[in-house]
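All remarks here apply to the structure that follows.
The values are calculated or read from the model by the stated rules, or taken from the named source; none is laboratory data. Since the model is a prediction, treat every value here as computed from it, not as a measurement. All Cβ positions, even for glycine, are placed from backbone atoms using ideal geometry, and neighbour counts span all protein chains on display.
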Amino acid sequence: MTPEERSSTGWLQMERTNERLREALIRLRDLTQAQEAELRDQIKALESDLQDYSTVQEQFEASKEKLAQSESAVEDLRQQLDNALGAEDMIEDLTERNMSMAEEIEELKAVIEDLENLKEINDELEINHVQNEKEMQEELDFKDSVITEQARRAGQQEEALEDMEYTLSRFRELVTSLQGDLEDMRASHAVTEAESEQLDSKSRAMMDLNMKLQISAAKTQVKTIDLELRRLEAQEAEQHLEIVKLFLPETYQEDRDSVLALLRFKRLAFKATLLQGFLKERVTGQPHPGHEDDMFAGCDAIDKLTWVAAMCGRFINAISHCSIEQFQHYQGALFELEPVERAVNGWIDGLRRDELKEAKCASELQRSIALMTHLAEVHLTEDLQSFADAMHMRALVVQSHLDSAAAAITTARGMVQRVVPESGEDDEMAQHFSKKAEHVVGQTRSTKVIASKAHARGV
């Protein structure tokens with residue numbers, strides 16, 4: 001381009017325009033860079049906001065749910081408020097009920113205190129009642145034993161009185177006869193001196209008999225008075241027992257059968273011992289020749305009666321020391337023992353009429369033993385006290401068996417000696433048998449002494 005063209009107006013204007021455009025471009029560049037930096041900063045801020053968006057969105061959802069719940073709660077509260085505003089009467093009613101129930105609670109507390117006091121009084125009365133019941137039961141047992149003893153003595157006194165009356169009648173007949181003889185002899189004029197002496201001796205004998213008769217009559221009178229007094233005591237004891245029964249509590253009726261079972265055990269023990277004693281007298285007192293079978297059967301019956309009496313003693317000890325609950329379990333024993341007592345009563349009646357058969361008695365006693373063994377398995381416990389009673393019973397039975405064995409061996413020796421008598425000192429076999437039998441009897445009695453000592457230590 002030529003200088004002239006450059007210096008022309010158009011060129012200058014164009015230069016100025018270019019200059020302005022250049023400046024504008026520079027400012028645009030600066031502005032663009034500034035906007036780009038600002039936009040870059042905004043992008044970074046938006047990216048940071050975008051990262052926090054998920055958290056904010058979750059918070060928004062939670063806040064939205066809370067808002068819904070709050071609106072629901074507000075609605076419920078609004079309804080409750082409406083209901084509460086409409087339930088003032090109900091509130092007053094409930095308030096009155098609350099006050100009434102508070103008063104009832106106070107009254108119930110007072111009633112509970114009264115009931116607790118009554119319970120303490122009831123416990124004390126129950127303790128006193130149990131103690132009184134035990135004392136009354138002991139008194140009943142004592143009165144029953146007194147009545148039984150008085151009845152036994154009354155029977156013995158009646159038998160003695162009958163014997164005395166029979167003796168008295170015989171003495172009277174004898175005195176009458178002797179007095180008649182004396183009158184006849186005095187009326188006779190042909191009495192010799194020897195007959196006079198005989199008459200004097202008979203007179204003295206008659207006087208002695210008369211004196212004995214008077215003494216016997218006096219003793220009979222004393223025994224009759226004692227018998228009547230004992231009969232009166234027995235009647236008074238029986239009446240006293242009936243009166244005491246009227247004052248017993250109603251609970252006694254629940255234990256009545258158990259009490260009667262205890263008394264039945266005591267009666268059975270007494271009757272079995274009584275029958276055993278009389279059988280022992282019969283066995284030792286009867287002549288052996290021809291009665292050996294009765295003697296052996298009697299020994300068997302004595303051993304079984306000893307067992308029955310000892311077993312009754314075990315039951316008596318167990319009942320006397322058991323608890324109230326265990327005591328009530330003995331009610332059934334009263335009825336189970338009834339056939340045993342009936343059989344024992346029959347044997348005592350047979351003994352009184354002298355019609356007792358030892359073999360039959362021993363056979364029937366086996367059934368009684370089986371029944372009482374079953375009762376022992378049901379009622380007797382396996383504790384230390386029961387074991388001691390069992391050992392005591394076995395010691396008694398062993399003594400009875402040893403007694404019976406000694407009597408049986410003695411009887412068997414007598415039977416053999418009667419069949420094969422000793423002909424003299426040359427008969428060594430007979431002497432050897434006699435010595436052996438005597439040695440066995442001695443050993444048996446020595447063993448019985450040891451058993452007796454064991455029994456005495458046990459007692």
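You will find that of Asp354, Asp300, the residue that is more than 27 Å from Val130 (Cβ to Cβ) and either polar (S, T, N, Q) or part of a helix (DSSP H, G or I) (or both) is Asp300 and no other.
I need the full set of residues from the range 381-408 which are among the acidic types (Asp, Glu), under 21 Å from Gln276 (Cα atoms) and within 30 Å of the chain's Cα centre (by Cα), in order please. Across the range 381-408, the qualifying residue is only Asp389.
Kindly establish whether Glu103 is more than 23 Å from the chain's Cα centre (by Cα), farther than 27 Å from Lys266 by Cβ, loosely packed, with under 13 Cβ neighbours inside 10 Å and modelled with pLDDT of 75 or more. Yes; evaluated as a whole, the condition is true for this residue. The residue pairs whose first member lies in the range 129-146 and is within 13 Å of Ile324 (Cα to Cα), whose second member is assigned to a helix (DSSP H, G or I), and whose beta carbons are closer than 7 Å, counting only pairs six or more residues apart or on different chains, are Glu133/Tyr252; Gln137/Val259.
In this structure, Cys322 does not qualify as assigned to a helix (DSSP H, G or I) and not small (Gly, Ala, Ser). Checking Asp114, Asp76, Asp93 one by one, the residue that is of a type in the set (Asp, Glu) and over 60 Å from the mean Cα position of the chain (by Cα) is Asp76 and no other. Take Thr411 and tell me if it is of a type in the set (Val, Ile, Thr), surrounded by fewer than 16 Cβ atoms within 10 Å (Cβ to Cβ) and not assigned by TED's automatic domain parsing to the domain that holds Arg152. Taking the combined requirement at face value, the residue does not satisfy it. Here is the figure for the range 375-396: residues that are in a helix (DSSP H, G or I) and either surrounded by 13 or more Cβ atoms within 10 Å (Cβ to Cβ) or touching a helix residue (DSSP H, G or I) at 6+ places or on another chain (Cβ under 8 Å) (or both) total 14.
Each row is one residue, and each column tells you yes or no for (1) surrounded by 15 or more Cβ atoms within 10 Å (Cβ to Cβ); (2) at pLDDT 70 or above; (3) under 20 Å from Val222 (Cβ atoms).
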{"site": "Met136", "(1), (2), (3)": "yes, yes, no"}
{"site": "Val146", "(1), (2), (3)": "yes, yes, no"}
{"site": "Thr176", "(1), (2), (3)": "no, yes, no"}
{"site": "Gly180", "(1), (2), (3)": "no, no, no"}
{"site": "Glu183", "(1), (2), (3)": "no, no, no"}
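Within the span defined as the range 307-329, every residue fails to be within 15 Å of Phe278 (Cβ to Cβ) and surrounded by fewer than 19 Cβ atoms within 10 Å (Cβ to Cβ).
Taking the criterion of being among the small types (Gly, Ala, Ser), touching a Lys or Arg at 6+ places or on another chain (Cβ under 9 Å) and either more than 16 Å from Arg394 (Cα to Cα) or without any contact (Cβ under 8 Å) to a residue 60 or more places away in the chain (or both), the only residue of the range 310-336 that qualifies is Ala333.
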